[in-house]
Amino acid sequence: MLFFLLQKEFKQIFRNRTILAVVLVMPLIQLIVLPLAADYEVKNINLCIVDNDRSPEAQRLAQQLTASGYFRLTGYTASYRDAQALLEADRADVVLTIPPHFGRALVRDGQQTLSLAVNAINGVKAGLGAAYITTILQTYNNAIRVQWIQPGRFPAAPIVKVAPVYWYNPFLNYRVFMVPGILAVLVTMIGGFLSALNIVQEKEVGTIEQINVSPIKKHYFILGKLLPFWVLGNVVFTLGLLVARVVYGIVPMGSIPLLYGFVTLYLLAILGLGLLISTYCETQQQAMLITFFFMMIFILLGGLFTPLDSMPTWARAVAYASPVTHLIAVMRMIILKGSTAQDVLPAAAIVATFALILNVWAIVNYRKTS
Amino acid sequence: MAQPIIQADKLTKRFGDFVATDAITFDVARGEIFGFLGANGAGKTTAMRMLCGLSTPSSGHAQVAGFDVATHPEDVKQNIGYMSQKFSLYENLTVAENITFFGGIYGLRNPVLREKREQLLTRLGLHDVAGKHVGSLPLGWKQKLAFSVAILHDPKIVFLDEPTGGVDPFTRRQFWDLLYHAAAQGITVFVTTHYMDEAEYCNRVSIMVDGRLAALDTPRRLKELYGAASMDDVFYTLARGAQRGE
Amino acid sequence: MQQLALFIRKEFIHVLRDRRTLLILFGMPVMQILIFGFALSNEVKNARLVVVDHGRDVATTALIARLDASRYFEVDQVALSPKALEAAFRRGDVKVAVVFPARFYERWQHGQEATVQIIADASDPNTANTLTQYVSAIVYDHASEQRGVQAPPYGIRVETRMLYNPQLEGAPNYVPGVMALVLMLVCVMMTAVSIVREKETGTLEVLLVSPFRPVLVIVAKAVPYLLLSLVNVGSILMLSTWALGVPVQGNLFLLLAESVLFITTCLSLGIFISVQTSSQQVAMLISLMGMLLPTILFSGFMFPIENMPVPLQVISNLVPAKWYYIIVKSIMIKGLGFAAVWKETLILAGMTAGWLIISVKRFNIRLA
């Protein structure tokens, strides 16, 4: 019996050009465009320098800041009022003010203070921008000291050096981080939306009556709905992996069968969620809104953009209670770090539990008899 | 009379305060063409859905093909065919694919399934359009196809809910030929309709008014009973007293 | 006029009757504000840090104590073999490791190079970068303290002022973004889908043959969503003020007026989509993929536009939410007046007029 259900579902899906186009082309476009857009690396900070000094020292400082690659000089002026206008128009993110007689006073007083105004609406950018400036100033300061202090006047200071090593992503390439995460989201959206709309559509059209009056078993019906999307999900995932490889040169470090194994398990869970929503809804519009609502929460809390560690306890609890979180984490683990089956076992166990609960729930809630 | 194939005993369905079907009691014999009439909103569809195991009765009992509809709906479903008011084949599947699918979920297997499909296509003269999407067929063809699909698995009873809405008299006549053919093979036909000429074709007719069974007999006896010239007049006399409309 | 009121009433009944949809439409902004305001933050804290201490001397002990005292780290001091360390990284148990070499203090005091090695899990590059910065800062601080209190001459200090958002919180950035997103969702998607549904069921035809100007039929469909959106703007602003502590700095009425303008833009976009399409699913897909996604991408509140490749930056100008986001940020957070946002206002008004004119034209052609 299952065979006939599957045959029908496959034919219906693969015959619908619009849906197929959406399912196969959209993810590719998104996977190509999104990582380009979702570049969180903080760079290109708009810098405005208010130089009231115009001494060689001040100019050297300005030159070092722009040469760092983090900043884009959008204003070099002598009036703070101009800088303020740039700040308000969003044309400047940081304003560094160099006081009058900076160079001379530094020599005379042995100390000077610069003031830095940061547009902190975007907290992350502000924090890092300020940190970069401080670091560059320190380098600049050290260079000046080396130049001005006669050797021997001060004892050589003991040196401590810090040597960072960046594992898995030595050049701190943000796209390497985003691509597996976006792939996870795409698989989630395709699976969730299509399965949520499916049963509801049969309800709207009325064909579900004909199924309900047949002696078909409920779990066969749900299974028949589930498996085609499960195959489709794997196809989308495969396409995504290829795009990641061809466009971004990301080759999974870990075992590919393990990756597919996990995605397969995950698809069962997310499709179960979609089908469950579908059994509760009467119209496609409702199903879509409700799915959108859950997807939004899951994706935002899933650790795609922001680290899970920095969430408050309640939010972390919600995040862990969502299969999406685990998929995003495991995708990154296997693709970027080469994690093994043992490493992802806890996540797999949780996702499997979800798959079981959601699908059983969907079967129970799908009623052939009202 | 042998053991009736459908037995309804004070079958009732309530939706909140509203009593859609109010304690109806009747029997249908094996091989009968049973007409189930009533104005819109009289409770026909609700009663039929209960008999098909789609809806659980609020009270009362009904046995269909020897099984209780409340306790064994899935066994009932194994023995019946159903064609709903809303056309319910898959429009984006072809004629042949629909036949294969519905035959398949009723447990038919090749080669029987293939043979039945061929028979059906031949009988309806649909060989030429077997590969076409059902959505592209004219309504009359769709209805004949839907009926044939509903009896593909040789059910004991077939339930038809206003099967001939919206088609011309000639096509309706052809459709009824199919019903007679099925009845001749021993399939009990349970049909709701609004067309009184169709009511004349039935062996027995029941008329529902406001959720109750107002009359039940052969068309001839009903006409005698109400002193009417046609079923139209019988229906009019009964339905005039109805409290609820659409 | 009375007829219009009648039509609008009918639309209200439609919208208000579907409780489930309504609940989600009102619940969505509340959820988003809660998530953005309380759950999401880029600030890195409580990161698990492993110390591998080959030095085991005064300096390393002191440094470990300092790392432990920082709120950024949860220090786990276990003697891990390189292999075990790698496994811990692979499992994701550890985000950063600090390795002190043998004879650390000795090398340091004797002017030899004493190197603290930091290993960061850079599969999340921003977190890795931030954590490395934190560790470096702590190490350097300690080192300079040890050097003595006397600062060397020619020191340059920086006095930093964080404008608009001194605590560096996420909310001031997210609130305007959530407003743009929610309005876009309610107005574009719901309007488009509800008009197309009437097309599908054929009821639109019935309305169009009534002796009522066709354009007003469409206007009547848009009005309930306009009011619904205003309720959402209100609830977002209230939540923002009292729950997040991000009040409106500028003129509230200006903000509301700009919001009405943006809502009109979205409604006209929804109408535009509904005129072009004839099935609910297509309308949904276009609104969701074609409108919502670009809004999230290109409005600038989640993804920095200045980092995008130039073609994408150009495309971002076509997204109305981008301009609204700038307007809300200026009025609500920076407290600026109309003079600062007149350009953006003009762009939104232009877009609205454009879509409406095209829609009305197409609509009339369909009728003719």
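The values are calculated or read from the model by the stated rules, or taken from the named source; none is laboratory data. Every value quoted in this text rests on a predicted model; they were computed, and no experiment measured them. Positions of Cβ are backbone-derived with ideal geometry, glycine not excepted, and every protein chain shown enters the neighbour counts.
Observations on the model:
- For region B:106-124, a tally of residues being facing another protein chain (nearest Cβ under 8 Å) and either of a type in the set (D, E, K, R) or under 28 Å from B:T193 (Cα atoms) (or both) returns 1.
- Top-ranked residue in region C:60-104 [being in contact with a strand residue (DSSP E or B) (Cβ under 8 Å, 6 or more places away or on another chain) and among the small types (G, A, S); ranked as modelled with the highest pLDDT]: C:A97
- The set of residues in region A:301-315 being among the aromatic types (F, W, Y) and surrounded by fewer than 16 Cβ atoms within 10 Å (Cβ to Cβ) consists of A:W314 alone.
- Yes/no for C:F338 being more than 10 Å from chain A (Cβ to nearest Cβ), modelled with pLDDT under 90 and surrounded by fewer than 16 Cβ atoms within 10 Å (Cβ to Cβ): yes
- In region C:218-252, the residue that is surrounded by the most Cβ atoms within 10 Å (Cβ to Cβ) out of those that are farther than 30 Å from C:V196 by Cα and polar (S, T, N, Q) is C:S240.
- Taking region C:297-319 as the range and being modelled with pLDDT of 80 or more, more than 7 Å from chain A (Cβ to nearest Cβ) and either assigned to a helix (DSSP H, G or I) or surrounded by fewer than 18 Cβ atoms within 10 Å (Cβ to Cβ) (or both) as the test, the residues that pass are C:F298, C:V310, C:P311, C:Q313, C:V314, C:I315, C:S316, C:N317, C:L318.
- Among the residues making up region B:59-93, those that are facing chain A (nearest Cβ under 7 Å) and in a loop (DSSP other than H, G, I, E, B) are B:S84, B:K86, B:S88, B:Y90, B:N92, B:L93.
- Hey, A:N141 at the interface with another protein chain (Cβ under 10 Å from one of its Cβ atoms), touching a strand residue (DSSP E or B) at 6+ places or on another chain (Cβ under 6 Å) and free of Cβ contacts under 8 Å to residues at least 24 places away in the same chain or not: yes
- Condition check for C:R56: closer than 17 Å to C:Y134 by Cβ, part of a loop (DSSP other than H, G, I, E, B), out of contact with any Ser or Thr (no Cβ under 6 Å at 6 or more places or on another chain) and not assigned by TED's automatic domain parsing to the domain that holds C:S229: no
- The condition of being within 9 Å of chain A (Cβ to nearest Cβ) and in contact with a helix residue (DSSP H, G or I) (Cβ under 8 Å, 6 or more places away or on another chain) holds for only one of C:F73, C:F89, C:F100, C:F12, that being C:F89.
- Among the candidates C:S274, C:S279, C:S235, residue that is of a type in the set (S, T, Y) and more than 14 Å from chain A (Cβ to nearest Cβ): C:S235
- Flag for B:A47 being surrounded by 21 or more Cβ atoms within 10 Å (Cβ to Cβ) and either free of Cβ contacts under 8 Å to residues at least 12 places away in the same chain or in contact with an Asp or Glu (Cβ under 8 Å, 6 or more places away or on another chain) (or both): no
- Within region C:97-116, residues that are closer than 23 Å to C:F73 by Cα sit with their Cβ atoms under 6 Å from residues that are of a type in the set (V, I, T) and modelled with pLDDT under 80, at 6+ positions apart or across chains, in these pairs: C:A114/A:V160; C:V116/A:V162.
- Per the conditions (1) closer than 28 Å to A:S214 by Cβ; (2) assigned to a loop (DSSP other than H, G, I, E, B); (3) in the same structural domain as B:F36 (by TED's automatic domain parsing), the sole criterion not satisfied by B:G131 is (3).
- Here B:G60 qualifies as touching a Leu at 6+ places or on another chain (Cβ under 6 Å), surrounded by fewer than 22 Cβ atoms within 10 Å (Cβ to Cβ) and not aliphatic (A, V, I, L, M).
- Filter result (within 20 Å of the chain's Cα centre (by Cα), buried (at least 16 other Cβ atoms within 10 Å of the Cβ) and not in a helix (DSSP H, G or I)) within region A:218-259: A:I250, A:P252
- Within region A:15-31, the set of residues being more than 14 Å from A:V236 (Cβ to Cβ), in a helix (DSSP H, G or I) and under 33 Å from the mean Cα position of the chain (by Cα) comprises A:R17, A:T18.
- Scanning region C:17-33 for residues being touching a residue at least 40 places away in the same chain (Cβ under 8 Å) and either outside any helix (DSSP H, G or I) or not polar (S, T, N, Q) (or both) gives a total of 6.
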